[in-house]
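What follows is one structure encoded as C-alpha cells, with my remarks underneath.
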Amino acid sequence: MASADSRPADTADPRRRSFRFLLSPPAVVLALFLILPVLLMVVVSFRPDLSGNLLGAFAPTLKQYQQAFAGAGYWRSLGISALTALGVAAIATTLAYPIAYFLAFRAGKRAALYLILLLVPFWTSYLLRVMAWKVMLGEGGVINSVLLWSGAISQPLDALLYNRGAVIVTLVYVWIPFAALPILAGLGRIDIRLHDAAADLYASPWQQLRRVTLPLSLPGVVAAFFMVFIPTVGEYVTPLLVGGTGGSMYGNIIQDFFTRAANWPLGSALSVIMLSATLGLVVVGLRIVDPRRLLAR
Amino acid sequence: MVDVRVIQPLATPLPAARPGRLRLPALRGYFWLMIALLYLPIAILFVFSVNANTTLAFPLKGWTLDWYAKLFATPQLLDAVRRSVIVAISSSIVATALGTMVAILLSRFNFRGRDALTGLAMLPLIVPYVVLAVALLILFHALGIPLSIATVAIAHVVVALPYTTLIVLARLIGFDQQLEEVAMDLGASYPATLRLVVLPIAAPAIVSAAITAFTVSFDEFALALFLAGGDQTFPVYLYGQLRYATTLPVLIATAVLLMAATLVLLVVAERVRRR
Amino acid sequence: MRPSRTMTGRVAVALATLALVAAACGAAGTSPTATSQPTLGPTEIPTLAPTDVPPDQVTGTLSVLDWTGYDAEWAWQDFKNTYKNAKVTFAFGDSDAEQYGQMKAGGTFDVFHPYTGWLQFYVDEGLAAEIDTTKLKNWDKVPDSFKKIGQINGKQYFVPWDWGFTSILYRTDKITTPVDSWSILFDPKYKGHLSMWDDGPGAVTVSSYVHGYNETAITADQLASIKAEWTAQATLNKAYWTAETDLVQMMSSGEAWAAYAWQGAYATLLGKGVPVAYATPKEGRNSWVGVYGIRKDSPNYDLALKFLDAKLGLLTGQNLVANYYYGSANGDVMKGITDPTLKQAFSVDDPSILTKTNFTPNLTAAQRDAWTAMWTEVKASQ
C-alpha cells in the first residue's frame with residue numbers, strides 16, 4: 001500500500017514546481033496575517049501598559065505574566081475550560097458519528113438535501129438562536145410551562161439555564177453538525193464493497209461497524225475531535241449567554257481584558273498562556289493517538 | 001483490498017444466512033430528532049417574529065407582520081446583510097482554495113516543514129478571535145491598509161483555514177495514491193494529475209469545506225467589528241442593536257427571513273439539479 | 001474508482017447557485033436612503049455669525065467613531081438637515097474599551113463618542129482636542145452639571161450628548177416593600193433572583209455607594225473587601241447581564257426580581273405592562289453621560305465642531321429620547337417630554353433628582369486595570 005511518504009520532495013521529484021505553487025499562497029497568507037499578528041500579541045504581552053505609541057519601543061516586563069500566574073482563579077478557569085472542552089469534543093464527536101454514518105451510507109440520493117438541512121440553521125445568527133433557546137429553558141419558558149401545566153413539577157426548574165451544565169449542553173448542540181463534516185469526509189473514502197466483503201466473510205453488522213467502518217473512519221473522527229476541542233478551550237460567547245455566574249470560561253477572561261478593560265498586555269499574556277497550554281495538550285493528544293499509526297494498513 | 005486480519009474466527013456458529021449491512025431504523029430516527037432539535041429555536045424565533053411582543057417572553061400578544069415591513073425599511077440592516085453575504089462568499093472561496101492546497105501538501109508530500117505547516121494551519125483555532133482582531137487592527141493601521149469588508153474577509157480566510165484544511169485532509173489522507181501514480185506513469189504532468197485525479201477525488205470534501213467556511217464567516221462577530229471600518233456586517237449590526245431592547249423583533253424577523261430564503265434557495269437548486 | 005457523484009455534486013451546484021444569487025443581490029442597486037425613524041418637530045437652524053460660511057456651502061467628509069445604531073440619520077438629524085453638502089462616515093466599536101483601542105491603534109477618526117469613566121485616558125494619551133465652546137450655538141442649553149462632565153483638568157475636552165440613570169430596577173409583584181438601597185443586590189433573601197451588570201468599575205461604584213467610600217480614591221484594602229463582597233454576591237446572582245435586552249428578558253420572565261439597570265430597561269418593561277419600579281436609593285442614583293470629542297490633530301476640526309453643535313440640536317435630542325429612552329443633554333428637550341412612561345423613567349417631574357444623583361467619575365488607567373482585574377477574578381473564582 002502506498003503511503004504518503006513514498007515521494008520525498010527532493011530535486012528528483014517531478015512535482016517540485018507544483019509543490020512550490022501549492023506552498024506559496026498559504027505560506028504568504030499565514031505568515032502575513034497570522035504569524036505576524038500572533039508575534040505582535042506576544043510582544044504586547046511584555047508591555048507594562050497601553051500608554052505611548054503602540055509600535056514604539058518600550059521597556060519589557062514580566063509584570064503581566066506575574067499577575068497571571070499569581071491569580072489562582074485564572075489557572076482554575078483554564079483547567080475547567082480545558083476539561084469542559086474535552087468533554088464537549090468527546091460528546092459532540094460521538095453524537096455526530098451516527099449522523100455522518102447516516103448521511104454517508106443510508107441517505108442515498110437525498111444525502112445532499114439532508115446535509116443542507118443540517119447546516120442551514122447555522123446561517124441564522126447564533127446569538128438569536130441561543131436567545132430562543134433561553135426562552136425554552138428559562139424559568140418562565142416553554143419546558144417549565146409544560147411541566148408545570150402537566151403537574152410533573154410544582155416549582156419551575158431553575159437548573160436548566162445559567163450554569164455550567166447549560167454551557168456544555170449548548171456547546172455540544174452547536175458543534176454536532178460541524179463535527180459531522182470531517183467524519184463524513186472520512187467516511188466517504190471507505191469503499192462500500194469492504195462492507196460487502198466483510199459480510200461475505202460472515203461478519204455481523206455490528207462487527208462490520210467495529211472492524212471495518214470505525215477504524216477506517218478514525219482519521220475523520222480524530223479531525224472532528226480536535227476541530228471541536230481546540231476552539232472550545234477559548235470559547236466565550238456561549239458561557240456569556242447561558243453560563244450565568246458559575247459557567248464562565250477562560251475565554252471570557254481574555255475577552256473581558258480586551259473589550260471591557262482595554263488591558264491588552266494582560267489579555268495578551270493570558271492568551272499566550274492559553275495558546276501554550278492548548279498546543280501542549282494537542283501534542284500530548286497526538287502522541288497518544290498517533291495518526292501515522294492510523295494510516296498504516 | 002481487505003486486510004484479512006479484520007475478521008476474527010467466530011466464537012459463535014455461522015448464521016444460516018449471509019448477514020446484511022447494519023440496518024438501524026433508529027439511525028434515521030436519530031437524524032430527524034437532531035434536525036428537530038436544531039430547528040426548534042428557529043421555530044420559536046419564527047413565532048416571535050410574527051408576534052406583537054417586543055420581548056422574548058410569553059404570553060404572546062397578537063399577530064403582526066409589522067416587523068417584516070420594518071425590516072425592509074431599514075437600509076442599514078439590509079446593507080449589513082448584503083455585506084455579510086459578500087464577505088462570506090469571497091472568504092470561503094479563498095479559504096477553501098488555500099485549505100485544499102495545504103491538504104494536498106500534507107497528504108501527498110513529505111517535506112521538512114510539514115509539522116510546522118500543520119501547526120500553523122491549525123493555529124487560528126487556538127488564537128482567541130478578539131486577540132487576532134486587535135493584532136490585525138494594529139497591523140493594518142501600521143501598513144496603511146484602510147479598513148473595509150476586504151480586511152474582514154482577509155481575517156475570515158485566516159480563521160476558516162483550519163476547518164477547510166481539516167475537512168479536505170480527512171478525505172485525502174490514506175486515499176490511495178495509486179491513481180495518481182498511474183496517471184503520471186501514463187505521461188500526465190503533475191498539475192494535470194491534480195486537476196483530473198486529485199481534485200475530483202477531493203471534490204465532496206471541498207464543497208463541505210466551502211460551506212463550513214461560509215458558515216464560519218457569516219456569523220462571525222469579533223473580527224468583523226474591529227476590522228470593518230464603517231462597513232458593518234450583519235452580526236456586528238445585530239450585536240450593536242441588542243444593546244437597545246426596542247429593536248429586537250425586527251432583528252429576529254431578519255434572521256428568520258435569511259434562513260428561510262437560504263433553505264428555499266438551496267432546496268430549489270437541489271430539485272433543479274436532480275431533474 | 002469513480003469519485004462519488006451522489007452527494008456533494010449536488011451540494012456544489014446548490015452552493016454555486018447561492019453564490020450567484022447573492023452576488024447578483026450585491027451588485028443590484030443600493031438600498032433606499034429614506035430615514036426609517038419619524039421626525040418630531042421643527043429643525044433648529046443655527047443663526048449665522050457674519051464670518052460663518054453659509055450651511056449649504058459647507059463641504060467635506062467627517063469620520064465618526066460611534067456605537068452601532070448612531071449612524072442612523074435620526075441621531076444626527078440636525079446636522080443632516082442643515083449641512084446638506086457635508087458627508088459623514090461611521091465606524092463602530094462595541095464598547096468603550098474597543099473604541100479606545102481603535103483610537104489607540106491609530107484610527108484616524110475625527111469624532112468619537114466615549115462615556116463617563118473613560119474620558120481621562122483620551123486626554124492623558126493626547127487623543128482629544130480642546131473644544132472651542134464659543135462656536136457652539138447650543139452650548140447654553142446644556143445644564144452646568146453636564147458641562148462639567150466634559151471637563152478634564154479644567155479644560156473642556158468633550159461635549160455631553162446622551163445620559164441616563166443607573167439604579168435598582170425591581171419587580172413590584174415579587175418584592176413588595178419598596179427598595180431604597182443599593183444593598184439589595186447583596187441581600188441573601190433574594191438568592192438566585194438578582195442580576196448585576198457585568199462590569200468591574202460598576203461593581204466598585206455600587207460598593208462605594210453602599211459603604212460610603214470615595215470612588216476616586218479606593219485604597220487597596222477597600223478593593224480587597226469589595227472583591228470579597230462581590231465574590232459572595234456571585235452566589236446570589238442569577239446571571240450577569242451585558243446587553244439591555246438580556247436584562248429585559250430576565251425581568252419579564254421573572255427570573256430576575258431586582259437588578260442594576262439603566263432606565264431604558266425600565267421604560268421598556270413599563271411599556272410592556274410588566275409591574276416594575278425604578279428605585280431612588282438613599283445613597284443616590286448613578287448617572288452616566290455620553291460625550292462627543294474631537295480627535296487631536298484632526299484636519300476637520302471646524303466641521304467636527306459643527307457636527308457636535310448640531311448633535312445638541314432639538315430634533316436630534318428628541319429622536320434620542322424617543323428611540324432609545326436615553327436623556328438628552330439639551331435641557332429644552334427634557335423639558336418638552338410629554339409621554340408619561342418617559343416622564344416616569346426620567347423622573348422629569350422630580351427636579352431634585354439630579355441632586356440625589358452621583359455622576360460616574362473618570363478613572364485613571366491604573367484604577368481601571370485594577371478594578372477590571374478584580375472583577376475578572378471574582379468571576380473566575382466561581
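The values are calculated or read from the model by the stated rules, or taken from the named source; none is laboratory data. Fair warning: this is a prediction, and the values are worked out from it, not measured in the lab. Backbone-built Cβ (ideal geometry, glycine too); neighbour counts: all protein chains shown.
Looking at the structure I just gave you, is C:ASP110 under 20 Å from C:LEU247 (Cβ atoms), crowded, with 16+ Cβ neighbours inside 10 Å and within 23 Å of the chain's Cα centre (by Cα)? Here the answer is no, as C:ASP110 does not meet what is asked. Can you find a residue in region B:72-92 that is surrounded by 18 or more Cβ atoms within 10 Å (Cβ to Cβ), at pLDDT below 85 and at the interface with another protein chain (Cβ under 7 Å from one of its Cβ atoms)? So far as region B:72-92 goes, yes, one or more of its residues are surrounded by 18 or more Cβ atoms within 10 Å (Cβ to Cβ), at pLDDT below 85 and at the interface with another protein chain (Cβ under 7 Å from one of its Cβ atoms). The conditions of being crowded, with 21+ Cβ neighbours inside 10 Å, more than 14 Å from chain A (Cβ to nearest Cβ) and touching a residue at least 60 places away in the same chain (Cβ under 8 Å) are met by C:LEU136. Of the set (1) over 30 Å from C:LEU247 (Cα atoms); (2) outside any helix (DSSP H, G or I), all apply to A:THR245 but (1). Would you point out which residue out of A:LEU54, A:LEU40 is of a type outside the set (Phe, Trp, Tyr), farther than 21 Å from C:MET374 by Cβ, modelled with pLDDT under 85 and crowded, with 16+ Cβ neighbours inside 10 Å? Answer to the selection: A:LEU54. Picking from residues in region C:254-284 that are of a type in the set (Ser, Thr, Tyr) and part of a strand (DSSP E or B), the one that is farthest from C:TYR209 (Cα to Cα) is C:TYR278. Looking only at region C:285-323, residues that are surrounded by fewer than 23 Cβ atoms within 10 Å (Cβ to Cβ), aromatic (Phe, Trp, Tyr) and either without any contact (Cβ under 8 Å) to a residue 40 or more places away in the chain or assigned to a helix (DSSP H, G or I) (or both) come to 1 in all. When C:ILE184 is tested against (1) surrounded by 18 or more Cβ atoms within 10 Å (Cβ to Cβ); (2) outside any helix (DSSP H, G or I); (3) of a type in the set (Val, Ile, Thr), only condition (2) is not met.
Yes/no matrix, rows are residues, columns are (1) buried (at least 24 other Cβ atoms within 10 Å of the Cβ); (2) acidic (Asp, Glu); (3) farther than 16 Å from B:LEU27 by Cα:
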residue	(1), (2), (3)
A:ALA72	no, no, yes
A:SER77	yes, no, yes
A:THR84	no, no, yes
A:ALA89	yes, no, yes
A:ALA92	yes, no, yes
A:ALA96	yes, no, no
A:LEU103	yes, no, no
A:ARG110	no, no, no
A:TYR114	no, no, no
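Helices (runs of 4 or more DSSP H) fully within region A:95-204 that include at least 1 residues being within 30 Å of C:LEU247 (Cα to Cα) and not small (Gly, Ala, Ser): A:126-137, A:142-149, A:164-187. With respect to the numbered conditions (1) in a loop (DSSP other than H, G, I, E, B); (2) buried (at least 23 other Cβ atoms within 10 Å of the Cβ), which one is the sole condition not fulfilled by C:VAL248? Here C:VAL248 clears every test but (1).
I'd like to check something: does region A:123-145 contain any residue that is over 20 Å from the mean Cα position of the chain (by Cα), more than 7 Å from chain B (Cβ to nearest Cβ), under 29 Å from B:ILE211 (Cα atoms) and not hydrophobic (A, V, I, L, M, F, W, C)? Yes.
Inside region C:331-382, residues that are more than 14 Å from chain A (Cβ to nearest Cβ) and assigned to a helix (DSSP H, G or I) make up a count of 18.
Which ones in region A:17-43 are of a type in the set (Gly, Ala, Ser) and more than 7 Å from chain B (Cβ to nearest Cβ)? Passing the criteria: A:SER24, A:ALA27, A:ALA31. In a residue-by-residue description of region A:255-264, the property of being in contact with a Phe, Trp or Tyr (Cβ under 8 Å, 6 or more places away or on another chain) and of a type in the set (Ser, Thr, Tyr) applies to no position.
Screening A:PHE122 with (1) crowded, with 23+ Cβ neighbours inside 10 Å; (2) of a type in the set (Phe, Trp, Tyr); (3) in contact with a Pro (Cβ under 9 Å, 6 or more places away or on another chain) gives one miss only, at (1). Scanning region B:100-115 finds no residues that are within 7 Å of chain A (Cβ to nearest Cβ) and under 19 Å from A:ILE273 (Cα atoms). Only helices (runs of 4 or more DSSP H) whose full extent lies in region B:45-130 are considered here, and the ones with at least 2 residues that are more than 28 Å from A:ARG15 (Cβ to Cβ) and free of Cβ contacts under 8 Å to residues at least 12 places away in the same chain are B:66-72, B:75-108. Apart from one condition, B:LEU223 fits all of (1) modelled with pLDDT under 85; (2) buried (at least 23 other Cβ atoms within 10 Å of the Cβ); (3) of a type outside the set (Val, Ile, Thr); the exception is (1).
For region C:270-286, residues that are more than 14 Å from chain A (Cβ to nearest Cβ) and within 20 Å of C:ALA322 (Cβ to Cβ) total 4. Counting residues in region A:283-291 that are more than 9 Å from chain C (Cβ to nearest Cβ), crowded, with 21+ Cβ neighbours inside 10 Å and either free of Cβ contacts under 8 Å to residues at least 12 places away in the same chain or of a type in the set (S, T, N, Q) (or both) gives zero.
In region C:86-100, the residues that are within 14 Å of chain A (Cβ to nearest Cβ) form Cβ pairs under 6 Å with partners that are assigned to a strand (DSSP E or B) and surrounded by fewer than 23 Cβ atoms within 10 Å (Cβ to Cβ), at six or more places apart or across chains, as follows: C:ASP96/C:TYR115. The set of residues from region A:261-289 being assigned to a loop (DSSP other than H, G, I, E, B) and in contact with a Ser or Thr (Cβ under 6 Å, 6 or more places away or on another chain) comprises just one member, A:ALA261.
Within region A:146-160, the residues that satisfy the criterion of being within 13 Å of chain C (Cβ to nearest Cβ) and of a type outside the set (A, V, I, L, M, F, W, C) are A:GLN155, A:PRO156, A:ASP158. For the criterion of being among the small types (Gly, Ala, Ser), part of a helix (DSSP H, G or I) and either farther than 22 Å from A:LEU157 by Cα or touching a Gly at 6+ places or on another chain (Cβ under 9 Å) (or both), C:ALA232 passes.
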